[in-house]
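Note sheet for the following structure.
The values are calculated or read from the model by the stated rules, or taken from the named source; none is laboratory data. This is a predicted model, so every value here is computed, not measured. Cβ placement follows ideal geometry from the backbone for every residue including glycine, while neighbour counts extend to all protein chains displayed. Only protein heavy atoms, including side chains, enter the accessible area calculation; ligands, DNA and RNA are left aside. Shrake-Rupley method; radii C 1.70, N 1.55, O 1.52, S 1.80 Å.
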Amino acid sequence: MFGQNVFNQTVMRERLPKAVFKTLKKTIDEGLPLDPSIADVVATAMKEWAVERGATHFTHWFQPMTGITAEKHDSFLSPSEGGALMEFSGKELVKGEPDASSFPSGGLRATFEARGYTAWDCTSPAFLREEAGVVTLCIPTAFCSYTGEVLDKKTPLLRSMEALSTQALRVLRLFGNTTATRVISTVGAEQEYFLVDKAFYDKRPDLMMAGRTLFGAMSSKGQELEDHYFGTIKERVLAYMKEVNEELWKLGVTAKTQHNEVAPGQFEIAPIFENTNIATDHNQMVMETLKKVATRHGLVCLLHEKPFAGVNGSGKHNNWSMSSNDGQNLLEPGHTPHDNAQFLTFLMATIKAVDTYAGLLRATCASAGNDHRLGANEAPPAIMSIFLGDQLSDILDQIVAGDEKSSTKAGEMKIGVSTLPALPMDATDRNRTSPFAFTGNKFELRMLGSSFSISGPNIVINTIIADVLQEFADRLEKATDCDAELEKLLQETAKKHQRVVFNGNNYSDEWVQEAKKRGLLNIPNTPEAQKQLITKEAVAVFAKHKVFSEKEIHARYEIVIEQYVKTLNIEALTMIDMANHSIIPAAMEYATTVASSINAVTAVSAKLNVSAQKELLEELCDKLAAVSAETKNLEKELEATLAIADLDEQAAAFRAKVFTKMDDLRANADALEKIIAAKYWPLPTYREMLFQL
């Protein structure tokens, strides 16, 4: 089953002439320019393979700045003397022309200027997607405007990978490596998600419109018993996971791990790490598959970062490393990391990059959805820091002192039961509260939101580390004594950037104060965080490594701020609609029922005690009045905010004013939910949605 719907290298080797396959493989493996003369041959082989499996259409599958994938389907049919032929040319493979006017462009394109281009990315294999009996050949592509600026998430990722490879190879050459010709970044993206019954979802306008519950009182039980995490998976969910795995395995996605997550109704799927470009494509497939398969099981998959207030939110842990094409993981410490100068060089480059460009990393993890999660008790705070663990932190201290002589050794754990084996201990523990944690031979960026494309964060990681590696290589290549200069460089870097290393509890209030003393950034919300994209330093580093032009990065800033504004606008409008058409009418109906009950009881006898009913009615009317007033307040604040012309000012107003009014409305509505009889409450409750799977 694995990879059966993928036009991978095994299939290409079987179907392409040897010379064509060899040429294409060199492009894929070594990053060489694509030879356009082979396009027709590849296209014919790809079409024949796809048609044999039932495909009738093909699409250039691309990733615009919406954060999801896009596609335009064309059939293989071409007219021929009253009949039709199945044809697919090299030109159709290499280049497509979707309408670019309606995708986010940040001002790069005017609405009336429609032309855009998709270009075949041969480094990510084409695949077949089966839906409703229709088989479509999907060709991963880049997407750019008529004027050449990038409009997608793939192109800058590929650029950043090339920048990293170029600079990492320079450093490897200094350590005598003459065999490696390419360095790639690798990623394994752990994906968290919620499942809810579709019958409940269909009755929740907020889940349908905003992806999260805008109203909802917490149930009597949440995650406090810690009984859902890694618990036995329910049969219905396990059947869903089985089909998800099968769909992904057909697509060559190495889905390996699945389990219950912390919150009730929350789960995780994790793949094996792979080339960052392919990992990014595969994560988009994972999210699409999670959603698609859920509907077949009467479920809905929620990828919002905080679909339910009061319980764990959903993130996406981005496990990042670097590997050379001669088989080295450049972040592998070895048994004696204090002696491993090559590892220490790449480690120090990473530490310096994260400290220097902490604001950029924070920006790439910021969104309206993730604002509800970052800093909560299940996610890293909005302060960028690095966890190294005891062993590497000790080595860092030794480097600062100029006396690196030893590495803490891993031991053996004896559990104290004779029938159980002694377990080899790792040299250090892990830290789940750290936003950027070293986990053996990779770094885990834990700040991403579950709905994110992993492209953005990895563009930044690749670029900033390439920048520091370039600085290191420039200095070491000029040195007369490279070893002595390296020792000096590592010590200087350790002293200057050790402040970003923190191995303690990132959730604690003490860390917030300590981070402030160290001068580390703490940016609490998206409008402020995204400004880090367009600082002078950020624009310079992207331009220097040809990842983004100044025009392209400013366009991206405008896009993400527009997305933030539009998201909060949709949420506010949905809250107003739900309050006016569901919650207020339900409360009025119940209040009328209670009032009628009081009248009916007192009609029997004035001596009967109706104090409980009167107290309930009074509370109902007070909270109903509060909900009505807060709904009107939100409407006024939203109208005023939408009238602000400047986008930055508007985003700030949405955060400071509209968001606050939304919280006020929710607090009163949730209080109302707690006192209204269940049969009168118009929305499925948290208890139903979280525990009835």
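The table for this structure:
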| read-out | value |
| --- | --- |
| Residue identified as over 30 Å from MET662 (Cα atoms) and over 33 Å from the mean Cα position of the chain (by Cα) among VAL594, VAL610 | VAL610 |
| In the stretch 270-294, the residues that are touching a helix residue (DSSP H, G or I) at 6+ places or on another chain (Cβ under 7 Å), over 25 Å from SER160 (Cβ atoms) and either surrounded by fewer than 23 Cβ atoms within 10 Å (Cβ to Cβ) or at pLDDT below 95 (or both) | VAL293, ALA294 |
| Selected residue [assigned to a loop (DSSP other than H, G, I, E, B) and open to solvent by less than 50 Å² (accessible area, probe 1.4 Å)] from PRO33, PRO104 | PRO104 |
| Residue within the stretch 585-600 that is closer than 12 Å to ALA669 by Cβ and open to solvent by less than 60 Å² (accessible area, probe 1.4 Å) present | yes |
| Unique residue being in contact (Cβ under 8 Å) with a residue 40 or more places away in the chain and open to solvent by 70 Å² or more (accessible area, probe 1.4 Å) when the list is GLN9, GLN4 | GLN4 |
| Selected residue (only one of GLU87, GLU92, GLU52, GLU81 is in contact with a Ser or Thr (Cβ under 9 Å, 6 or more places away or on another chain) and either surrounded by fewer than 20 Cβ atoms within 10 Å (Cβ to Cβ) or at pLDDT 95 or above (or both)) | GLU87 |
| Lone qualifier among ALA671, ALA667 - being within 19 Å of LEU207 (Cα to Cα) and of a type in the set (A, V, I, L, M) | ALA667 |
| Considering residues of the stretch 436-491 that are under 30 Å from TYR507 (Cα atoms) and charged (D, E, K, R) only, the residue nearest to the chain's Cα centre (by Cα) | ARG446 |
| Spans of helices (runs of 4 or more DSSP H) in the stretch 123-221 with at least 2 residues open to solvent by less than 10 Å² (accessible area, probe 1.4 Å) | 154-174, 205-210 |
| Top-ranked residue of the stretch 307-326 - restricted to ones that are of a type in the set (A, V, I, L, M, F, W, C) and more than 24 Å from ILE461 (Cβ to Cβ), ranked as most open to solvent (accessible area, probe 1.4 Å) | ALA309 |
| Filter result for GLU537 (under 25 Å from the mean Cα position of the chain (by Cα), of a type outside the set (A, V, I, L, M), modelled with pLDDT of 95 or more and surrounded by 15 or more Cβ atoms within 10 Å (Cβ to Cβ)) | no |
| Which numbered condition VAL354 misses (of (1) out of contact with any strand residue (DSSP E or B) (no Cβ under 6 Å at 6 or more places or on another chain); (2) within 22 Å of LEU476 (Cα to Cα); (3) assigned to a helix (DSSP H, G or I)) | (1) |
| HIS304 under 14 Å from the mean Cα position of the chain (by Cα), closer than 16 Å to PHE2 by Cβ and open to solvent by 10 Å² or more (accessible area, probe 1.4 Å) | no |
| Any hit, the stretch 335-346, residues being open to solvent by 10 Å² or more (accessible area, probe 1.4 Å), touching an Asp or Glu at 6+ places or on another chain (Cβ under 7 Å) and in contact (Cβ under 8 Å) with a residue 60 or more places away in the chain | yes |
| Qualifying positions in the stretch 256-269 - without any contact (Cβ under 8 Å) to a residue 40 or more places away in the chain and open to solvent by less than 10 Å² (accessible area, probe 1.4 Å) | ASN260 |
| Yes/no for LYS22 being closer than 30 Å to ALA180 by Cα and either of a type in the set (D, E, K, R) or at pLDDT 95 or above (or both) | yes |
| Condition met for HIS259 (out of contact with any Cys (no Cβ under 6 Å at 6 or more places or on another chain), under 16 Å from LEU195 (Cβ atoms) and either at pLDDT 95 or above or of a type outside the set (D, E, K, R) (or both)) | yes |
| Unique match (being of a type in the set (D, E, K, R) and open to solvent by less than 10 Å² (accessible area, probe 1.4 Å)) among GLU528, GLU571 | GLU571 |
| Unique match (being of a type outside the set (D, E, K, R), over 23 Å from GLU131 (Cα atoms) and more than 17 Å from the chain's Cα centre (by Cα)) among MET218, MET208, MET241 | MET218 |
| Only one of LEU225, LEU214 that is modelled with pLDDT of 95 or more and under 29 Å from GLU673 (Cβ atoms) | LEU214 |
